[in-house]
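> Below you'll find the structure I mean.
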Amino acid sequence: MPVATAVPDALTPMLRHRLETSLPPQQRSLICNALNNLLHSVRNVPAVTQTPPPSDRTTDWPMAQHYLRLVAPVPGSQAGPFSADEQRTVHLLHYLHEVETATPLEVSADPAVQRPESQAHAHLRQELRREFGLLPCALPLTWRELAICDIAAKLLASALRLGFQPTEVRVVGAQELPPEAGRHQGGLRLNLAAWHAAVPPPALDASPDPNVWDPDNPLGNGLDLLRARLQMDWTGLTPLPRQ
């Protein structure tokens, strides 16, 4: 069993200060920590953007608001040029804004047709929200959404390395993990499968069930998810409170 650890800081002291000075005091810790988790989740995706960076200060989109808090900080915020890592963080916020505003994905019959990365990313989040809704265990909403964002980014990065954009995601297996004293507060282990709808995994082998050839019978006509193009194991653990 791995030991749960806190997510490393994606926000440097200057970036965190710029965010905090533009937020109400009671929201600073919550928003900065949530944003740090989200930025950490997308650290390995290419994050190719298709649109200009956000510029409308009246926007209601959260990622656009955070982007502008960093590039156009309020008076009293820490000044100074961005380091290379900080520039990457700011770009990831631009990318995450594209993800949050992406239009629904229309799946092409040709798996070679590439959609904007942010659109494919947003589609994976929707697939995972459906799958999480089918799990028999009750999960806190914030924990569930952080898990969905983390898994979607990992699935996309793995699929892109394999040369395709997945359009279908299924949870093949799930296991609740109980808390372990001195290690973590419990969590969830998932086995996932992903593929492009135009190239589904093969059907399950025929069973001796005499109804297996009935196309309306779900028992012998399903897909063999363990042979999907992308298989991924994911474990999410809630770390112990910071001392």
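> The conditions are (1) under 17 Å from Glu168 (Cα atoms); (2) in contact with a Phe, Trp or Tyr (Cβ under 7 Å, 6 or more places away or on another chain), and Ala109 fails exactly one of them. Which is it?
Ala109 satisfies every listed condition except (2).
> If you go through segment 88-129, how many residues are farther than 20 Å from Ala34 by Cβ and touching a residue at least 40 places away in the same chain (Cβ under 8 Å)?
13
> Here's a follow-up. List the pairs whose first member sits in segment 58-83 and is without any contact (Cβ under 8 Å) to a residue 24 or more places away in the chain and over 18 Å from Ala10 (Cβ atoms), whose second member is open to solvent by less than 80 Å² (accessible area, probe 1.4 Å) and not in a loop (DSSP other than H, G, I, E, B), and whose Cβ atoms are under 7 Å apart, counting only residues at least 6 apart or on separate chains?
Listed by first residue and then by second, the contacts come to Thr59/Gln65.
> Those residues that are open to solvent by 80 Å² or more (accessible area, probe 1.4 Å) and either within 14 Å of Leu35 (Cα to Cα) or at pLDDT 90 or above (or both), I need them from segment 75-87; list them, please.
Result: Pro81, Asp85, Gln87.
> Same structure again: In this structure, is Arg170 touching a Leu at 6+ places or on another chain (Cβ under 6 Å), in contact (Cβ under 8 Å) with a residue 12 or more places away in the chain and within 16 Å of Thr235 (Cα to Cα)?
yes
> Now for a different question. Of Glu117, Glu145, Glu98, Glu127, which residue is in contact with a helix residue (DSSP H, G or I) (Cβ under 6 Å, 6 or more places away or on another chain), within 22 Å of His40 (Cβ to Cβ) and of a type outside the set (Gly, Ala, Ser)?
From the options Glu117, Glu145, Glu98, Glu127, the qualifying one is Glu98.
> Sort out which residues of segment 89-116 are over 21 Å from Pro200 (Cβ atoms), open to solvent by 20 Å² or more (accessible area, probe 1.4 Å) and not polar (S, T, N, Q), and write them in order of number. Spell out how you get there, then give the answer.
Taking segment 89-116 as the starting set, the residues that turn out to be over 21 Å from Pro200 (Cβ atoms) are 89-103, 116.
Retained after the next criterion (residues that are open to solvent by 20 Å² or more (accessible area, probe 1.4 Å)): 91, 97, 100-103, 116.
The answer is His91, His97, Glu100, Ala102, Pro116.
> Across segment 100-131, what is the number of residues that are assigned to a helix (DSSP H, G or I) and closer than 19 Å to Phe164 by Cβ? Write out each step before concluding.
Taking segment 100-131 as the starting set, the residues that turn out to be assigned to a helix (DSSP H, G or I) are 100, 117-131.
Filter once more, keeping what is closer than 19 Å to Phe164 by Cβ: 117-128.
Final tally of qualifying residues: 12.
> For segment 1-74, which fully contained helices (runs of 4 or more DSSP H) count at least 1 residues that are basic (Lys, Arg), out of contact with any Gly (no Cβ under 9 Å at 6 or more places or on another chain) and open to solvent by less than 70 Å² (accessible area, probe 1.4 Å)?
Here the list reads 13-21, 62-71.
> Please enumerate the residues belonging to segment 133-150 that are touching a residue at least 24 places away in the same chain (Cβ under 8 Å), open to solvent by less than 60 Å² (accessible area, probe 1.4 Å) and either in contact with a His (Cβ under 6 Å, 6 or more places away or on another chain) or part of a helix (DSSP H, G or I) (or both).
Trp143, Ala147, Cys149, Asp150 - these are the residues of segment 133-150 that are touching a residue at least 24 places away in the same chain (Cβ under 8 Å), open to solvent by less than 60 Å² (accessible area, probe 1.4 Å) and either in contact with a His (Cβ under 6 Å, 6 or more places away or on another chain) or part of a helix (DSSP H, G or I) (or both).
> Something else about it: Select from segment 151-183 the residues that are buried (at least 20 other Cβ atoms within 10 Å of the Cβ) and under 17 Å from Leu139 (Cα atoms) and list them in ascending order.
Ile151
> Consider Thr58 against the criteria (1) of a type in the set (Ser, Thr, Tyr); (2) more than 23 Å from the chain's Cα centre (by Cα); (3) under 22 Å from Leu141 (Cβ atoms): it satisfies all of them except one. Which criterion is unmet?
Among (1) of a type in the set (Ser, Thr, Tyr); (2) more than 23 Å from the chain's Cα centre (by Cα); (3) under 22 Å from Leu141 (Cβ atoms), Thr58 violates only (3).
The values are calculated or read from the model by the stated rules, or taken from the named source; none is laboratory data. Keep in mind that this is a model prediction, so the values were computed, not measured. FYI the Cβ positions are ideal-geometry reconstructions off the backbone, even for glycines, and counts take in every protein chain you see. With ligands, DNA and RNA removed, areas are computed over all heavy atoms of the protein, side chains included. Shrake-Rupley method; radii C 1.70, N 1.55, O 1.52, S 1.80 Å.
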